[in-house]
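The next block holds one structure in the form of structure tokens; read it before the comments.
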Amino acid sequence: MIAILTGDMIASRKQIDTNLWLLPLKSWMTHHYGEQGIAWDIYRGDSFQLKLSRPTEALKTAIQLKSMLKQTKGVDVRIAIGIGHENYSSKKIMESQGSAFIRSGELVDNLKKRKQSMAISTGNENLDYEINLLIRLLSLTLDHWSPAEANLASLIFAKTQPIQAYAQTLGISISTTSERKKRAHLQEIIDAEQFIRSKIERYEKGM
């Protein structure tokens with residue numbers, strides 16, 4: 001199984017300068033997944049696709065992408081995660097095919113209609129309902145992160161460290177960092193991501 005993340009920038013045509021999100025996105029993708037076109041690509045000018053070989057990492061990666069992009073005021077993204085198989089594998093992600101691609105592509109269109117910013121499609125109706133109910137609750141916070149909160153979230157989801165280390169990186173006090181983490185509900189989001197990860201892992205194993 002693989003996971004396909006299809007991202008669609010929210011209200012991208014209202015952005016005066018697309019480089020506000022495009023350059024950080026390209027830099028982040030290249031750093032983590034290599035050359036554009038192989039594991040990831042950008043299409044239609046304001047959409048992107050990313051292939052992950054480990055579906056259990058899908059939600060965490062989506063949150064990382066959202067936190068990275070939301071560090072710029074006015075920038076946001078909707079992300080549809082499709083989990084399934086890759087029936088035809090090409091050196092270029094946009095030429096590959098399979099159920100994971102289909103589910104992700106169909107889901108991103110539905111997200112726009114439902115005005116939601118994130119969801120998962122596994123092909124298992126009961127599992128999808130349970131996971132997406134929790135993701136909808138998470139999105140009440142994720143969608144309203146301030147740039148400062150998104151910045152801290154990006155650091156925390158990138159590497160687990162003592163709160164002092166995050167404070168030092170951000171150049172703020174430990175108390176301010178702790179308050180920011182609390183305000184962004186980051187511990188609750190971390191716990192929920194781990195719970196959903198365990199659900200996907202069990203699904204992969206056929207449990």
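The values are calculated or read from the model by the stated rules, or taken from the named source; none is laboratory data. Bear in mind the structure is a predicted one, so any value in this text is a computation, not a measurement. Note that each Cβ is placed from the backbone with ideal geometry, even for glycine, and that neighbours are counted across all protein chains shown. Accessible surface areas use protein heavy atoms only, side chains included; no ligands, DNA or RNA. Shrake-Rupley method; radii C 1.70, N 1.55, O 1.52, S 1.80 Å.
Projected onto the charge dipole of the chain (+1 at Lys/Arg Cβ, -1 at Asp/Glu Cβ, origin at the Cα centre), which of 127, 187, 36 gives the Cα projection farthest towards the positive end? The Cα lying farthest towards the positive end belongs to 187. A DSSP coil position with no more than 14 other Cβ atoms inside 10 Å describes none of the chymotrypsin sites (Phe, Trp or Tyr not before Pro) in the stretch 26-91. For the stretch 119-207, the dipole from Cβ point charges (+1 on Lys and Arg, -1 on Asp and Glu) about the Cα centre works out to 300 debye, to the nearest 20. Average accessible surface for the stretch 144-207: 59 Å² per residue, computed with a 1.4 Å probe over protein heavy atoms with every protein chain in place.
Pull up the DSSP beta bridges for the stretch 25-126 and report the antiparallel fraction as a percent, rounded to 5. Bridges in the stretch 25-126 that DSSP calls antiparallel: roughly 55 percent. Relative contact order for the chain: 22 percent, from Cα pairs under 8 Å spaced at least 6 residues apart, divided by residue count.
Among complete DSSP H helices in the chain, none has alpha-carbon atoms stretching at least 18 Å along the helix's long axis together with a mean Kyte-Doolittle hydropathy reaching 1.0. Each Lys and Arg adds +1 at its Cβ and each Asp and Glu adds -1 at its Cβ; summed about the Cα centre, the stretch 50-99 shows a dipole of about 200 debye. What lysines does residue 91 reach when the alpha-carbon gap must be under 18 Å and sequence neighbours fewer than 8 apart in one chain are set aside? By straight Cα distance, residue 91 reaches 51. Ligands, DNA and RNA left out, the 1.4 Å accessible surface of the chain is 50% carbon and sulfur atoms.
Could you state the number of Å between the C-alpha centres of the stretch 152-204 and the stretch 101-123? So the two Cα centres are separated by 25 Å. Can you figure out the FRET efficiency of residue 172 with residue 106, using R₀ = 45 Å and their beta-carbon distance, to the nearest 0.05? It comes out at approximately 0.60.
Counting only Cβ charges, +1 for Lys and Arg and -1 for Asp and Glu, the dipole size of the chain around its Cα centre is about 340 debye. Ligands, DNA and RNA are left out, and with a 1.4 angstrom probe the accessible area of the stretch 28-143 is 48 Å² per residue. Under a 5 Å amide H cut-off, with hydrogens placed 1.01 Å from N, residue 38 pairs with 93 among residues at least 5 apart or on other chains. Between [x] 51, 42, 31; [y] 53, 32, 27; [z] 57, 36, 29, which entry matches Cα extents along the principal axes in Å as derived from the coordinates of this structure? The listed entry that was calculated here is [x].
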